[in-house]
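Let me begin by presenting the structure, written as structure tokens, before commenting on it.
The values are calculated or read from the model by the stated rules, or taken from the named source; none is laboratory data. If you're wondering where the values come from, they're calculated on a predicted model, not measured in any experiment. For neighbour counting, all protein chains shown are included, and Cβ atoms are generated from backbone atoms with ideal geometry for every residue, glycine included. Areas reflect the complete protein model, heavy atoms only, side chains present, ligands, DNA and RNA absent. Shrake-Rupley method; radii C 1.70, N 1.55, O 1.52, S 1.80 Å.
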Amino acid sequence: MSTQSPQPPLTTLIPAIRTASRALVRELGFMQPTIANTPLSASAVHAILEIGSRTATLASSLSITLNLDKSSVSRMLKKLVEAGEVGEKASLSDGREKTLFLTPQGVETRRRIDEFADAQVGMALGDVEEGERMKILEGLEKYARALRGRRGELLPLPSLSPPLSPPLPSTGMTATSIVPNVAATIVAGYQPGILARALDMQMQYYSQTSNFGLAFEHSLATDLGELLSRIEHPDNEAWAAIASDQSQPNKQIVGTIFIDGQGLGAGKAHLRAFIVDSQVRGGGVGRRLLEEAVRFADHRGFQETRLWTFRGLGAARRLYEWVGFRLVEEGEEKRWGQKLLVQQMVRRKGGVVGESRIG
């Protein structure tokens, strides 16, 4: 009978992971003033890659993606524009911001960066056994997601025996213990098919659990379509969870969430269309989507974020409260041909994540 070898404690793992992380940074060249066979800094190279892939086409979204403050991004973009790598044009939805794009020179620079990086990674993987290569990818993805999920937090390192994530209320489980190996990448901005998948997941769930039909689907399609027409505005954003494991080989969208920063007036954001596919529900994808959305709302300076839901969605409400939302109003309303106990929830700017209370 085979037995699994005991796992080393965190007190042993943490120093080893830190050592490996430092080695990775050094070997990839991030300690040098310029990287990737270019005269550019690491942050400038990352900016060119993100702008070129259209992951971030506004300075505000680039700041969030690169985890840099606005002033640093502004100075870097000014240098890239002056160097002829990046161009700017007026945003269609907001004159206060400019849409970023790569110039022909920037496109060529990105090609050279990709060529250099592909060769660097390819040569390293050539020295790794074929059966071990996917383990590297999976480990790096999980580690990167974990680091991103803890941006701005200081973990209580002296107390390593309890779970690193505070417990979810009313479930008897911790946030760490309920997360199986659900491999999904959270991507900001418009993604092809995001509206269709959001509608599909919403209707699959609510047609079965709440008997919603044509009126609900028409209302949601109209509202989300209108929001997507304004998605380039810096106060609006969309996120998609993209499956990246073998159970979803087509890189399918398995979760969505939207922030409308214009519809409720100054200083208020509207969280909308939060849904996770049933195949990955309970795997931490929903929590990560919500954390991205509220982090964005705080970064954009909204004093409060509001959402509307209805009684009976206990699991969703616990997640909302997990990221700082509180119930402020409840009343019976007729919506989509049905009487519902509609709930309005509000999260104040900087609401504490992980302190859920059931009212």
First in the range 261-290 and under 17 Å from residue 345 (Cα atoms), second anywhere and of a type in the set (S, T, N, Q) and assigned to a loop (DSSP other than H, G, I, E, B), Cβ under 6 Å, 6 or more apart: 261/236; 267/303
When residues of the range 109-122 are filtered for being out of contact with any Ser or Thr (no Cβ under 8 Å at 6 or more places or on another chain), polar (S, T, N, Q) and either at pLDDT 90 or above or open to solvent by 60 Å² or more (accessible area, probe 1.4 Å) (or both), how many remain? 0
Residue by residue through the range 40-91, note down the ones that are part of a helix (DSSP H, G or I), touching a residue at least 24 places away in the same chain (Cβ under 8 Å) and polar (S, T, N, Q). 43, 60, 61, 63, 65, 72
Looking at residue 19 and the list (1) of a type outside the set (Gly, Ala, Ser); (2) in a helix (DSSP H, G or I); (3) over 25 Å from residue 122 (Cβ atoms), which single condition is not satisfied? (3)
Considering only the range 337-359, state which residues are in contact with a Phe, Trp or Tyr (Cβ under 9 Å, 6 or more places away or on another chain) and either at pLDDT 80 or above or at positive phi (or both). 337, 340, 341, 342, 343, 344, 345, 346, 347, 349, 354
Flag for residue 216 being part of a loop (DSSP other than H, G, I, E, B) and open to solvent by less than 20 Å² (accessible area, probe 1.4 Å): no
Which residues, taken from the range 31-54, are hydroxyl-bearing (Ser, Thr, Tyr), touching a Ser or Thr at 6+ places or on another chain (Cβ under 7 Å) and closer than 16 Å to residue 78 by Cβ? 41
Kindly establish whether residue 11 is part of a loop (DSSP other than H, G, I, E, B) and touching a residue at least 12 places away in the same chain (Cβ under 8 Å). no
Suppose the filter is part of a strand (DSSP E or B), in contact with a Ser or Thr (Cβ under 9 Å, 6 or more places away or on another chain) and without any contact (Cβ under 8 Å) to a residue 40 or more places away in the chain; does residue 342 pass it? yes
Has the range 72-87 got any residue that is at positive phi and at pLDDT 85 or above? yes
For the range 28-39, which positions are open to solvent by 50 Å² or more (accessible area, probe 1.4 Å), touching a residue at least 24 places away in the same chain (Cβ under 8 Å) and not polar (S, T, N, Q)? 28
So which strands (runs of 3 or more DSSP E) stay within the range 231-321 end to end and still have 1 or more residues that are under 14 Å from the mean Cα position of the chain (by Cα) and surrounded by fewer than 21 Cβ atoms within 10 Å (Cβ to Cβ)? 237-243
Which numbered condition residue 133 misses (of (1) touching a residue at least 12 places away in the same chain (Cβ under 8 Å); (2) over 19 Å from the mean Cα position of the chain (by Cα); (3) closer than 23 Å to residue 184 by Cα): (1)
Give 140, 100, 125 a once-over and let me know the one that is part of a strand (DSSP E or B), modelled with pLDDT of 85 or more and out of contact with any Phe, Trp or Tyr (no Cβ under 9 Å at 6 or more places or on another chain). 100
Filtered residues of the range 323-336 (kept if outside any strand (DSSP E or B) and modelled with pLDDT under 85): 336
